[in-house]
Amino acid sequence: RGRSVNSPNFQKSEHDDLPEPEFGTEEYYRETFWNLNNIPNSKNSVLRHLKVGINGINVPWLYFGCLFSTFCWHNEDNYMYSINYHHKGAPKQWYGVPGTKQDADGVERVFKNYLSMKMRDVPDLLHHITTSFSPRILNQEGVRVCKLLQHAGEYIVTFPRAFHGGFSLGPNCGEAVNFALHDWIPHAVDANERYRTFARPSVFSHDRLVYTMAHWVTELRTKEICSALAQELRRLKNEELLLRAKLIKAGVRDVSNDVELPPNRLDQLDEESADYDDKRLCHSCKHICFFSAVCCECSESKVSCLRHSHYMCRCSIKRKYLLVWTKEKEMNDTIAKVERRGEELGNSNVVSLVDDDLLEKYA
C-alpha cells in the first residue's frame, strides 16, 4: 500500500482501494496508521506531502534507554505534533507543559531567569535539547506542569509547542515520529518566525508547505481550516509585495522579466525540491527564499530574503537585483482557490474528519 515514505510503492494511487488487512495479522501491523512509519503519511496529516524522508520528522527514530537516561526539555521541530510509542521495558516518566502561548512563554522565561549567562552565549539553547531541571522550578514560577508514567504498549501524543521532558526508570525501547494536522498552521507560523530570529534553518520550507496544502485544496476538510490557510497565504502575499515594492523603490533591479527561473513545484516536496531550497537560504536568517530573493553581483551563490538584503554585503544597492519565482497573479489565484473551497464547505453539510468507509465499517 506504500504508506511509509521508505516503501517502494509510496503513495501510489493504484494501492488506494486495497482492502484493509485483517486485525492482528503481520500485514495489519505493517500497514496500519498506528505504525509510526505510516502515521506521518495518513490522509489528514500535512506531512504526507513530504516525499523525502527526514529522520525524526516523517521517519521514526528508535530510542534505547537505561536507568535515569533523560530526554531534556524541548518542543518539536516547527512546533509539530509528535507521537511516541513504548515498545518494551521499564516505564518512562514524562513531564509536559501545555502548548499555550502563556505556558510556553513561561518555560522560556524560566530558562532566561535561571540560565541567563548561558543563554547570553547560546540564545537558542532551548533548541539544543541539552538542558534539564526540576519541574518544581516551573511550578514555583507559575508554569503548569503535568506528569505521566508511560508503560510498554502505550502511546503519548504531544501537541504543538508543548514542552516536554523526562527520564527512563530502567532499560527500555521506544519509537517516536512527528505529524501535523491542518490546525497546526498558526503554530507553524510562530515557529517559522522564531527560527528566523535565531537564524536557525527549518527542516523544510514553511512557505512551500502552505502552498502545497493550497495545491491539494480538496483535502481541506473544514471551513475553519480553509480560513486559517487563506489568512496565512494573505499574510505571506502582503509582506512579499510590500517588501518587493520597497526594494525596487530603493534601487534594487527587478530582473524577473529578463531571467527565467524554474517554477516552484507545488504538488509535493521531493528530494529535488529540498535540494533546490537548500541553495536559496537567506544569508542572514537562514529562511528559505521560496517566493523571491535578493542577489548581488559580488557573489554567485549568496542570496538574501527581502527582509535582510541590507545585511548581505556592503555593495551599492545598484549592484543588487531581485529574483522572483512566484508572481502576484499566482498568489492571488491560490488565495481565491482556498477561499472558494471554504465557501463550498460552509454551504455544505458538516464534513467529517473521519473517512466515510471507516465510519461505515464500525457503524
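The values are calculated or read from the model by the stated rules, or taken from the named source; none is laboratory data. Since the structure is predicted, the reported quantities are computational estimates derived from the model, not experimental observations. All Cβ positions, even for glycine, are placed from backbone atoms using ideal geometry, and neighbour counts span all protein chains on display. Please note that ligands, DNA and RNA were not included when accessible areas were found on the heavy atoms of the full protein model with its side chains. Shrake-Rupley method; radii C 1.70, N 1.55, O 1.52, S 1.80 Å.
Quick one: grab Rg to one decimal and Dmax as a whole number for region 161-274, Cα atoms only, in Å.
Here Rg and the maximum Cα pair distance are 18.7, 64 Å.
Rounded to the nearest 5, what is the percent of antiparallel bridges among the DSSP beta bridges in the chain?
Bridges in the chain that DSSP calls antiparallel: roughly 90 percent.
Using the Kirkwood radius built from alpha carbon pairs, what does the Stokes-Einstein equation give as D for region 85-200 at 20 °C and 1.002 mPa s, in µm² per second?
136 µm²/s
Kindly report, to the nearest 10 Å², the accessible surface of ASP258 as traced by a 1.4 Å probe over protein heavy atoms only.
130 Å²
How far is it, in nm, from the label point at ALA250 to the one at LYS88 when both lie 7 Å from their Cα along the line to the Cβ?
Reported label-point gap for ALA250 and LYS88 is 6.0 nm.
Provide the percentage of antiparallel DSSP beta bridges, counting only those with both residues in region 230-339; round to the nearest 5.
75 percent
Tell me, in nm to one decimal, what length is gained between LEU148 and ASP270 on full extension, where the rule is 0.36 nm per residue of separation less the Cα-Cα distance?
In short, 40.2 nm is gained.
Taking only protein heavy atoms into account and a 1.4 Å probe, give the accessible area per residue of the chain in Å².
Details: 19310 Å² over 363 residues.
Ligands and nucleic acids excluded, the figure is 53 Å² per residue.
For PHE33 paired with GLU224, estimate the spin-label separation in nm (one decimal), with each label point 7 Å from Cα along the Cα-to-Cβ line.
Once both label points are built, they end up 1.8 nm from each other.
Could you please state, rounded to a whole Å, how far the C-alpha centre of region 275-317 is from the C-alpha centre of region 245-263?
Region 275-317 and region 245-263 have Cα centres spaced 13 Å from each other.
Stokes-Einstein D for region 25-94 at 25 °C, 0.890 mPa s, Kirkwood Rh over Cα pairs, in µm²/s?
Numbers: Rh = 14.1 Å.
Estimated via Stokes-Einstein, D reaches 174 µm²/s.
Over the Cα atoms of region 233-272, what is the Rg over Rh ratio if Rh follows Kirkwood?
Values: Rg = 13.6 Å, Rh = 12.6 Å.
So for region 233-272, dividing Rg by the Kirkwood Rh gives 1.08.
For PHE163, list long-range residues whose amide hydrogen, built 1.01 Å from N in the peptide plane, is under 5 Å from its own amide hydrogen.
Correct list: VAL97.
Tell me, what is the FRET efficiency for ASP258 and ALA199 to the nearest 0.05, using R0 = 35 angstrom and their Cβ-Cβ distance as r? Can you show the working numbers first?
Working: r = 31 Å, r/R0 = 0.89.
Using R0 = 35 Å, I get an efficiency of 0.65.
Let me check the size of the chain from its C-alpha atoms; what are the radius of gyration and Dmax in Å?
22.6, 69
Roughly what % of Cα-Cα distances in region 262-334 sit above 18 Å, to the whole percent?
The calculated P(r) of region 262-334 puts 41 percent of pairs beyond 18 Å.
Please work out how much length the chain gains when fully extended from ASP183 to LYS318, using 0.36 nm per residue of separation minus the C-alpha to C-alpha distance, in nm with one decimal.
44.3 nm
Using helices alone, what [θ] at 222 nm do you get for the chain, with -39,500 (n - 2.57) per DSSP H run of 4 or more residues, divided over all residues and rounded to the nearest 500? List each step's numbers first, then the result.
Working: 10 runs with 119 residues, N = 363.
That calculation yields -10000 deg cm²/dmol at 222 nm.
Taking every alpha carbon pair in region 52-124, what does the distance histogram look like in 5 angstrom bins from 0, in percent?
3, 10, 18, 20, 18, 17, 11, 3, 0
At a Förster radius of 22 Å, what calculated FRET efficiency corresponds to the Cβ-Cβ distance of LYS101 and HIS310, to the nearest 0.05?
E between LYS101 and HIS310, to the nearest 0.05, is 0.10.
Can you tell me the FRET efficiency between SER42 and PHE64 if r is taken as the Cβ-Cβ distance and R0 is 35 Å, rounded to the nearest 0.05?
For R0 = 35 Å, the calculated efficiency reads 0.85.
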